[in-house]
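Asks: The structure's right below; bear with me while I get my questions together.
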């Protein structure tokens with residue numbers, strides 16, 4: 001059943017690539033043989049693209065969940081940082 005699902009979706013992706021590819025042609029468009037080969041490759045490799053995109057989204061989600069809260073999200077008064085920032089005796093010369 002899974003192979004049939006893959007095969008049908010691969011044929012659909014290949015036909016879609018075949019039908020859409022003439023819209024993106026340049027001054028030297030590829031021949032029908034090259035379009036057919038590229039469509040077959042696109043149909044065969046579509047799961048790799050989908051799985052890769054899902055992995056990128058999963059990694060971004062995990063990193064976002066593990067990242068520490070941002071400083072501006074923490075509710076701290078500015079007066080707590082005033083002694084660290086104020087340097088009344090600081091000069092540029094020696």
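Asks: Of 4, 28, how do they rank once you tally other Cβ atoms within 10 Å and put the fewest first?
Replies: 28, 4
Asks: Also: Give me the extension gain from residue 49 to residue 2: residue separation times 0.36 nm, minus the current Cα-Cα distance, reported in nm with one decimal.
Replies: That works out to 15.1 nm of additional length.
The numbers here are math on the coordinates, done by the rules we state, and not lab data. Everything numeric here is computed off the predicted structure, so don't read it as measured data. In this analysis, Cβ positions are derived from the backbone assuming ideal geometry, glycine residues included, and neighbour counts consider all displayed protein chains.
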